[in-house]
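Student: This is the structure, below, for whatever I ask next.
The values are calculated or read from the model by the stated rules, or taken from the named source; none is laboratory data. Since we're looking at a predicted model, the values are computed, not measured. Using ideal geometry, Cβ is built from the backbone for each residue, glycine included, and neighbour counts are taken over all protein chains shown.
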Amino acid sequence: EDKVVQSPLSLVVHEGDTVTLNCSYEVTNFRSLLWYKQEKKAPTFLFMLTSSGIEKKSGRLSSILDKKELFSILNITATQTGDSAVYLCAVAVAGNTPLVFGKGTRLSVIA
Amino acid sequence: SAVISQKPSRDICQRGTSLTIQCQVDSQVTMMFWYRQQPGQSLTLIATANQGSEATYESGFVIDKFPISRPNLTFSTLTVSNMSPEDSSIYLCSASGTPGTDTQYFGPGTRLTVL
(Lines give C-alpha, C1' and ligand atoms only; values in the text may rest on other atoms or scores of the structure.)
Protein backbone atom coordinates (compact mmCIF):
# COMPACT_ATOMS: atom_id res chain seq x y z
CA GLU A 1 0.00 0.00 0.00
CA ASP A 2 1.32 3.44 -0.94
CA LYS A 3 2.22 5.53 2.09
CA VAL A 4 3.33 9.10 2.82
CA VAL A 5 4.51 10.00 6.32
CA GLN A 6 5.09 13.54 7.53
CA SER A 7 6.90 14.70 10.61
CA PRO A 8 6.54 16.35 12.95
CA LEU A 9 2.75 16.32 13.19
CA SER A 10 2.80 19.74 14.79
CA LEU A 11 5.32 22.41 15.52
CA VAL A 12 5.31 25.74 17.35
CA VAL A 13 8.02 28.28 16.60
CA HIS A 14 8.67 31.97 17.12
CA GLU A 15 8.69 34.52 14.37
CA GLY A 16 12.08 34.63 12.67
CA ASP A 17 12.88 30.97 13.31
CA THR A 18 13.75 28.57 10.50
CA VAL A 19 11.77 25.35 10.27
CA THR A 20 12.24 22.10 8.40
CA LEU A 21 9.30 19.86 7.64
CA ASN A 22 9.86 16.26 6.65
CA CYS A 23 8.07 13.93 4.27
CA SER A 24 9.00 10.32 3.57
CA TYR A 25 7.24 8.01 1.19
CA GLU A 26 6.88 4.39 0.14
CA VAL A 27 5.05 4.08 -3.14
CA THR A 28 5.23 2.06 -6.29
CA ASN A 29 5.80 3.87 -9.59
CA PHE A 30 6.77 7.23 -8.09
CA ARG A 31 6.26 10.12 -10.45
CA SER A 32 6.48 13.33 -8.41
CA LEU A 33 6.16 14.81 -4.91
CA LEU A 34 4.07 17.88 -4.15
CA TRP A 35 3.80 20.26 -1.22
CA TYR A 36 0.66 22.17 -0.33
CA LYS A 37 -0.21 24.80 2.26
CA GLN A 38 -3.65 24.67 3.88
CA GLU A 39 -4.77 27.65 5.92
CA LYS A 40 -8.54 27.66 6.15
CA LYS A 41 -10.21 25.36 3.68
CA ALA A 42 -8.54 24.63 0.37
CA PRO A 43 -4.93 23.45 0.07
CA THR A 44 -2.89 25.71 -2.15
CA PHE A 45 -0.10 24.33 -4.28
CA LEU A 46 3.50 25.22 -3.35
CA PHE A 47 5.95 22.98 -5.20
CA MET A 48 6.21 19.94 -7.38
CA LEU A 49 9.47 17.96 -7.33
CA THR A 50 10.41 15.26 -9.76
CA SER A 51 14.21 15.17 -9.78
CA SER A 52 16.58 14.42 -6.94
CA GLY A 53 18.82 17.11 -5.59
CA ILE A 54 17.25 20.06 -7.40
CA GLU A 55 15.98 22.67 -4.99
CA LYS A 56 12.75 24.45 -5.71
CA LYS A 57 12.54 27.89 -4.16
CA SER A 58 9.86 30.51 -3.72
CA GLY A 59 10.73 33.43 -1.47
CA ARG A 60 11.42 32.10 2.01
CA LEU A 61 10.22 28.60 1.15
CA SER A 62 12.36 25.95 -0.45
CA SER A 63 12.11 22.24 -0.97
CA ILE A 64 14.31 19.40 -2.12
CA LEU A 65 13.74 15.77 -3.00
CA ASP A 66 15.96 12.75 -2.37
CA LYS A 67 14.70 9.89 -4.54
CA LYS A 68 17.31 7.48 -3.28
CA GLU A 69 16.34 7.90 0.36
CA LEU A 70 12.67 8.48 -0.50
CA PHE A 71 12.10 11.75 1.29
CA SER A 72 11.66 15.45 0.84
CA ILE A 73 12.04 18.45 3.11
CA LEU A 74 10.32 21.80 3.09
CA ASN A 75 12.28 24.67 4.62
CA ILE A 76 10.82 27.97 5.72
CA THR A 77 13.27 30.67 6.76
CA ALA A 78 12.52 33.80 8.80
CA THR A 79 9.07 32.51 9.64
CA GLN A 80 6.14 34.91 9.95
CA THR A 81 2.76 34.50 11.62
CA GLY A 82 1.26 34.23 8.15
CA ASP A 83 3.15 30.97 7.66
CA SER A 84 0.92 29.34 10.27
CA ALA A 85 -0.91 26.58 8.43
CA VAL A 86 -1.03 22.86 7.82
CA TYR A 87 1.58 21.79 5.29
CA LEU A 88 0.65 18.73 3.26
CA CYS A 89 2.98 16.47 1.35
CA ALA A 90 1.60 14.31 -1.45
CA VAL A 91 3.02 11.85 -3.96
CA ALA A 92 1.86 11.24 -7.51
CA VAL A 93 2.22 7.74 -8.89
CA ALA A 94 1.96 6.54 -12.46
CA GLY A 95 -1.49 6.27 -13.97
CA ASN A 96 -4.64 8.30 -13.56
CA THR A 97 -4.82 7.95 -9.79
CA PRO A 98 -5.28 10.54 -7.07
CA LEU A 99 -2.37 11.88 -5.06
CA VAL A 100 -1.40 10.01 -1.93
CA PHE A 101 -1.44 12.53 0.92
CA GLY A 102 0.36 12.55 4.23
CA LYS A 103 -1.46 13.63 7.39
CA GLY A 104 0.18 17.04 7.35
CA THR A 105 2.32 19.11 9.69
CA ARG A 106 0.51 21.83 11.64
CA LEU A 107 2.87 24.80 11.96
CA SER A 108 2.10 27.59 14.40
CA VAL A 109 4.27 30.70 14.31
CA ILE A 110 3.91 32.94 17.34
CA ALA A 111 4.96 36.56 17.58
CA SER B 1 -3.21 25.91 -13.50
CA ALA B 2 -6.89 25.11 -13.09
CA VAL B 3 -9.27 27.41 -11.24
CA ILE B 4 -12.00 25.55 -9.40
CA SER B 5 -15.18 26.97 -7.92
CA GLN B 6 -17.55 25.23 -5.56
CA LYS B 7 -20.98 26.04 -4.33
CA PRO B 8 -22.36 26.41 -1.82
CA SER B 9 -19.40 27.63 0.24
CA ARG B 10 -21.19 26.64 3.40
CA ASP B 11 -24.51 25.30 4.55
CA ILE B 12 -26.34 24.27 7.69
CA CYS B 13 -28.70 21.38 7.18
CA GLN B 14 -31.12 19.29 9.17
CA ARG B 15 -30.46 15.60 9.72
CA GLY B 16 -32.17 13.33 7.21
CA THR B 17 -31.94 15.83 4.36
CA SER B 18 -29.57 15.82 1.37
CA LEU B 19 -27.22 18.46 -0.02
CA THR B 20 -25.71 18.63 -3.48
CA ILE B 21 -22.35 20.37 -3.88
CA GLN B 22 -21.32 21.62 -7.29
CA CYS B 23 -17.79 21.87 -8.61
CA GLN B 24 -16.84 23.79 -11.75
CA VAL B 25 -13.37 23.84 -13.35
CA ASP B 26 -12.33 26.59 -15.74
CA SER B 27 -10.71 24.15 -18.17
CA GLN B 28 -11.14 20.55 -19.26
CA VAL B 29 -9.44 18.15 -16.87
CA THR B 30 -8.92 14.44 -16.95
CA MET B 31 -9.52 13.67 -13.30
CA MET B 32 -11.85 15.10 -10.67
CA PHE B 33 -11.91 14.01 -7.05
CA TRP B 34 -13.98 14.59 -3.94
CA TYR B 35 -12.43 14.75 -0.49
CA ARG B 36 -13.75 15.13 3.02
CA GLN B 37 -11.86 16.79 5.82
CA GLN B 38 -13.24 16.47 9.31
CA PRO B 39 -12.15 18.95 12.00
CA GLY B 40 -8.48 18.59 12.83
CA GLN B 41 -8.02 15.73 10.39
CA SER B 42 -6.24 15.35 7.10
CA LEU B 43 -7.87 14.91 3.72
CA THR B 44 -9.83 11.71 3.11
CA LEU B 45 -10.57 10.77 -0.48
CA ILE B 46 -14.23 9.91 -1.02
CA ALA B 47 -14.20 9.05 -4.70
CA THR B 48 -12.85 9.74 -8.15
CA ALA B 49 -15.48 11.25 -10.42
CA ASN B 50 -15.23 9.58 -13.83
CA GLN B 51 -16.59 11.34 -16.87
CA GLY B 52 -19.31 9.29 -18.51
CA SER B 53 -19.22 6.41 -16.04
CA GLU B 54 -19.84 5.62 -12.41
CA ALA B 55 -17.54 7.13 -9.81
CA THR B 56 -14.84 5.03 -8.16
CA TYR B 57 -15.37 5.01 -4.40
CA GLU B 58 -12.78 4.53 -1.70
CA SER B 59 -13.20 2.02 1.07
CA GLY B 60 -15.83 3.17 3.53
CA PHE B 61 -17.76 5.32 1.06
CA VAL B 62 -20.75 4.11 -0.96
CA ILE B 63 -22.74 5.45 -3.86
CA ASP B 64 -26.05 5.46 -1.99
CA LYS B 65 -24.66 7.85 0.61
CA PHE B 66 -22.46 9.96 -1.70
CA PRO B 67 -23.84 9.87 -5.25
CA ILE B 68 -21.56 11.66 -7.70
CA SER B 69 -22.18 12.93 -11.18
CA ARG B 70 -19.71 14.03 -13.82
CA PRO B 71 -21.54 14.90 -17.00
CA ASN B 72 -18.56 16.51 -18.76
CA LEU B 73 -14.86 17.33 -18.38
CA THR B 74 -15.37 20.52 -16.37
CA PHE B 75 -18.20 19.82 -13.93
CA SER B 76 -19.07 17.42 -11.11
CA THR B 77 -21.52 17.19 -8.24
CA LEU B 78 -21.38 15.38 -4.92
CA THR B 79 -24.56 14.72 -2.97
CA VAL B 80 -24.44 13.97 0.73
CA SER B 81 -27.59 11.95 1.34
CA ASN B 82 -29.66 11.35 4.46
CA MET B 83 -27.30 13.48 6.47
CA SER B 84 -26.40 12.98 10.12
CA PRO B 85 -24.25 15.17 12.38
CA GLU B 86 -21.29 12.87 11.62
CA ASP B 87 -21.36 14.21 8.06
CA SER B 88 -20.41 17.67 9.31
CA SER B 89 -17.16 18.36 7.54
CA ILE B 90 -15.45 20.34 4.82
CA TYR B 91 -15.97 18.83 1.38
CA LEU B 92 -13.35 19.62 -1.22
CA CYS B 93 -13.40 19.15 -4.95
CA SER B 94 -10.09 18.65 -6.70
CA ALA B 95 -8.98 18.30 -10.30
CA SER B 96 -5.90 17.22 -12.18
CA GLY B 97 -4.92 16.31 -15.67
CA THR B 98 -3.97 19.61 -17.13
CA PRO B 99 -1.26 18.77 -19.61
CA GLY B 100 2.30 18.49 -18.32
CA THR B 101 1.69 18.41 -14.60
CA ASP B 102 0.71 16.06 -11.78
CA THR B 103 -0.58 18.93 -9.72
CA GLN B 104 -4.03 18.56 -8.24
CA TYR B 105 -5.81 21.85 -7.69
CA PHE B 106 -8.47 22.30 -5.06
CA GLY B 107 -11.70 24.18 -4.93
CA PRO B 108 -12.38 26.51 -2.00
CA GLY B 109 -14.37 23.86 -0.16
CA THR B 110 -17.88 23.56 1.23
CA ARG B 111 -18.28 23.72 4.99
CA LEU B 112 -21.25 21.57 5.94
CA THR B 113 -22.85 21.55 9.36
CA VAL B 114 -25.61 19.03 10.10
CA LEU B 115 -27.83 19.68 13.08
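Student: So, of the residues in region A:34-54 that are in a loop (DSSP other than H, G, I, E, B) and charged (D, E, K, R), which turns out to be nearest to A:SER10 (Cα to Cα)?
Tutor: Of all residues in region A:34-54, those in a loop (DSSP other than H, G, I, E, B) come to A:39-42, A:50-54.
Keeping just the survivors that are charged (D, E, K, R) gives A:39-41.
On the way: A:GLU39: 14, A:LYS40: 16, A:LYS41: 18 Å.
Filtering first and then ranking leaves A:GLU39.
Student: Out of region B:74-105, which residues are within 12 Å of chain A (Cβ to nearest Cβ), more than 9 Å from the chain's Cα centre (by Cα) and not polar (S, T, N, Q)?
Tutor: B:ILE90, B:ALA95, B:GLY97, B:GLY100, B:ASP102, B:TYR105 - these are the residues of region B:74-105 that are within 12 Å of chain A (Cβ to nearest Cβ), more than 9 Å from the chain's Cα centre (by Cα) and not polar (S, T, N, Q).
Student: Another one. So the check is Cβ under 6 Å with 6+ separation or different chains; which pairs have a first residue in region A:42-56 that's exposed (fewer than 15 other Cβ atoms within 10 Å of the Cβ) and a second one that's at pLDDT 90 or above and of a type in the set (Val, Ile, Thr)?
Tutor: Here the result reads A:GLU55/A:ILE64, each pair linking region A:42-56 to a residue that is at pLDDT 90 or above and of a type in the set (Val, Ile, Thr).
Student: Is at least one residue of region A:98-105 in contact with an Asp or Glu (Cβ under 8 Å, 6 or more places away or on another chain), surrounded by fewer than 20 Cβ atoms within 10 Å (Cβ to Cβ), on the phi < 0 side of the Ramachandran plot and not in a strand (DSSP E or B)?
Tutor: No, region A:98-105 contains no residue that is in contact with an Asp or Glu (Cβ under 8 Å, 6 or more places away or on another chain), surrounded by fewer than 20 Cβ atoms within 10 Å (Cβ to Cβ), on the phi < 0 side of the Ramachandran plot and not in a strand (DSSP E or B).
Student: Against the definition (touching a residue at least 60 places away in the same chain (Cβ under 8 Å) and facing chain B (nearest Cβ under 9 Å)), how does A:ALA94 come out, yes or no?
Tutor: Numbers: touching a residue at least 60 places away in the same chain (Cβ under 8 Å): yes; facing chain B (nearest Cβ under 9 Å): no.
When the stated conditions are applied, A:ALA94 does not pass them.
Student: Give B:PRO108, B:PRO71 a once-over and let me know the one that is surrounded by fewer than 20 Cβ atoms within 10 Å (Cβ to Cβ) and either in contact with a helix residue (DSSP H, G or I) (Cβ under 9 Å, 6 or more places away or on another chain) or within 14 Å of chain A (Cβ to nearest Cβ) (or both). Don't jump to the end; show me each part of the working.
Tutor: On the way: B:PRO71 fails: either in contact with a helix residue (DSSP H, G or I) (Cβ under 9 Å, 6 or more places away or on another chain) or within 14 Å of chain A (Cβ to nearest Cβ) (or both).
Going through B:PRO108, B:PRO71 in turn, the sole match is B:PRO108.
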